[in-house]
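Reading through the structure tokens given below for one structure.
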Amino acid sequence: MKSARNSRQAPVRSSRQSSARWLAPFALGLGLCVTCCERAEAEGAKPARAAANPWEWQDQFGYSQANSVQEPKRVVYLSGQAAFDQNGTLQHAGDMAQQIKLSFDNVEQVLEAAGMSLDNVTRLTYYTTNVEELLANWSEVSARVTVAQPPPAITVLGVTKLAQDALVEIEATAVE
């Protein structure tokens, strides 16, 4: 005998408009608005981006406390990129500076495959097994992220281990 819970089915949505209404509460919770995205796309508008920085100390590190994006046309969420070659093999074992460079090269390649660039990046998350060493090599990071204006919001997380003993992995969110 089926329970009442299992016999219930989700309503079927047949049109894009109907789906947009159904998804709207979820989209708003994620900071996205389906109808605004569609309007911006139709108008060919580039989303307005603005930094939200209540202080100035982060400027020396080349990032923003937050990025506000109005009416994005498209959002791309990148998986974490580490210093892997085209075959998925870790390169530059034990060399934080070189791993940062290759990780950013990989981020740029994925963005390019998605039709974007570092200029579209609004958020970066760095996972590292050695926060102090990452910060000691921060010039490698800021050399790459300062192309985006305003600079992206960032988070640095210390972790115990990354795949194949990588030292750093970079996750990105980009908008257009």
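The values are calculated or read from the model by the stated rules, or taken from the named source; none is laboratory data. Remember, it's a predicted structure, so these values are computed and weren't measured experimentally. Please note: Cβ atoms are built from the backbone with ideal geometry, for glycine as well, and neighbour counts cover all protein chains shown.
Tabulated results
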| quantity | calculated |
| --- | --- |
| Scan of region 146-176 for residues that are surrounded by fewer than 21 Cβ atoms within 10 Å (Cβ to Cβ), at pLDDT 95 or above and charged (D, E, K, R), ordered by number | LYS161, ASP165, GLU171 |
| Selected residue [under 24 Å from GLU56 (Cβ atoms), touching a helix residue (DSSP H, G or I) at 6+ places or on another chain (Cβ under 6 Å) and among the acidic types (Asp, Glu)] from GLU133, GLU140 | GLU140 |
| Filtered residue count, region 146-171, keeping only those that are in a strand (DSSP E or B) and among the hydroxyl-bearing types (Ser, Thr, Tyr) | 1 |
| Residue among ALA143, ALA148, ALA93, ALA82 that is over 16 Å from the mean Cα position of the chain (by Cα), in contact (Cβ under 8 Å) with a residue 24 or more places away in the chain and within 18 Å of ILE170 (Cβ to Cβ) | ALA93 |
| Residue identified as surrounded by fewer than 21 Cβ atoms within 10 Å (Cβ to Cβ) and among the small types (Gly, Ala, Ser) among SER68, SER64 | SER68 |
| Matching residues in region 107-145 - criterion: being surrounded by 13 or more Cβ atoms within 10 Å (Cβ to Cβ) and part of a loop (DSSP other than H, G, I, E, B) | ALA114, MET116, SER117, THR129, ASN130, ASN137 |
| Residue that is modelled with the lowest pLDDT [pool: residues in region 74-106 that are exposed (fewer than 11 other Cβ atoms within 10 Å of the Cβ) and on the phi > 0 side of the Ramachandran plot] | GLY88 |
